[in-house]
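The values are calculated or read from the model by the stated rules, or taken from the named source; none is laboratory data. Predicted, not measured: the structure shown is a model, and the values here were computed from it. Every residue, glycine among them, receives a Cβ derived from its backbone with ideal geometry; neighbour counts consider all protein chains shown. In case anyone asks, the SASA skips ligands and DNA or RNA and just uses the protein heavy atoms, side chains included. Shrake-Rupley method; radii C 1.70, N 1.55, O 1.52, S 1.80 Å.
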Amino acid sequence: LYRRVTLYPKLEVAASIVIIIIANMIISAVGGTAYLWSPLTQVATWFVLGPLIVAYYLFSRVGMANPRVKYNYDAMVSNLPYVGGIMRQVAMARFGRALGALHRGGVPINRSVELASDACGNEWLRAKMAPAPKKLESGAGVSETLSETGAFSPIVMNMVSTGENTGSIDKMVDKMADYYEDESETKAMQLAKIIGVFLTLLVCVYIGAIIINFYTNYAQGLKPGD
């Protein structure tokens, strides 16, 4: 979603770099003196951006494969305003969808919860859920055990409790997953649009600065009477 929304601003920046490089080559070929300037076409800029891009790639590919790193990252992101709420809702939707399918398939509840927590995709929440399977194996109640983990919202606990009392946990957690999928998708779309508009404005400022810089240098290079 975010890649799709931010694709246009990225293409604008890439196009501006290519245009500036080609324009400067043409200006140089005809003997002009006023060149287009952009921070992204300067070698010094890439001495800073280059290592940052490499570090981000290594973190996302290598660092996030480490459970401790992912735990700390998920804990930080899950507690951010607004974004954290979306992350937790996505994790709860995945947990509910997996738990419903496993329980409906006849998998014991303790094993279902264990596998569903692995499927939630959030290492911080998964670590909170980790003690639950052993308690469930000893015969503890589902809603009581999950409530003690502190990983679940009141909405989740109400639905699990209702499902436990009526013998339809799979149906209730499926409804919970539907609710959180819709909520997280709506909020993610709103956030993506805001980010897209913000990036587009940044690109406009960036391109505007290039144009202003060019005409300023061009005006300064003119001789009186030209």
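For the stretch 70-129, the set of chymotrypsin sites (Phe, Trp or Tyr not before Pro) satisfying both a DSSP loop assignment and a count of at most 13 other C-beta atoms within 10 Å is given as Tyr82. Within straight-line reach of Lys70, meaning a Cα separation under 26 Å, sit the following lysines at least 8 residues removed in sequence or on another chain: Lys128, Lys134, Lys135, Lys187. 3J(HN,Hα) along the stretch 46-51: 6, 5, 8, 5, x, x Hz, from the Karplus curve 6.51 cos²θ - 1.76 cosθ + 1.60 with θ = phi - 60°, whole Hz, x for Gly and Pro. Take Glu164: with every protein chain present and a 1.4 Å probe, its accessible area is about 60 Å².
For Ile155 and Arg111, what does the FRET efficiency come to when R0 = 22 Å and r is the distance between their Cβ atoms, rounded to the nearest 0.05?
With R0 = 22 Å, the Cβ-Cβ based efficiency is 0.35.
Stokes-Einstein at 25 °C, 0.890 mPa s, Kirkwood radius from Cα pairs: D for the stretch 139-209 in µm² s⁻¹? Approximately 164 µm²/s, per Stokes-Einstein. Under the classification rounded if a/c is under 1.5, otherwise prolate if a/b is larger than b/c and oblate if not, where does the stretch 96-140 fall, given a ≥ b ≥ c as square roots of the Cα gyration tensor eigenvalues? Judged from the Cα gyration tensor, the stretch 96-140 comes out oblate (a/c at least 1.5, b/c at or above a/b). Here the 3J(HN,Hα) profile of the stretch 133-142, calculated from phi with Karplus coefficients 6.51, -1.76 and 1.60 at θ = phi - 60°, is x, 5, 5, 5, 5, 7, x, 5, x, 5 Hz, Gly and Pro shown as x.
Within the stretch 125-226, which chymotrypsin sites (Phe, Trp or Tyr not before Pro) sit in a loop by DSSP and count at most 14 neighbouring Cβ atoms inside 10 Å? The qualifying sites: there are none.
Suppose the chain between Val77 and Thr162 were pulled fully straight at 0.36 nm per residue; how much longer would it get relative to their current alpha carbon spacing?
Stretched fully, the Val77-Thr162 segment lengthens by 27.6 nm.
For the stretch 51-187, the square roots a ≥ b ≥ c of the C-alpha gyration tensor eigenvalues yield an a/c of 1.5 or more together with a/b exceeding b/c, which makes the shape prolate.
Where a Cα-Cα gap under 16 Å defines reach, which aspartates and glutamates qualify for Lys171, not counting those fewer than 8 residues away within the same chain? Here the aspartates and glutamates satisfying the reach criterion relative to Lys171 are Glu181. Apply the a/c threshold of 1.5 to the C-alpha gyration tensor of the stretch 57-103 and tell me whether it is rounded, prolate or oblate. In terms of gyration-tensor shape, oblate. In the context of the full set of protein chains, the stretch 7-146 has a per residue accessible area of 59 Å² (1.4 Å probe). Surface composition of the stretch 75-226: carbon plus sulfur atoms contribute 60% of the solvent-accessible area (1.4 Å probe, protein chains only, all chains present).
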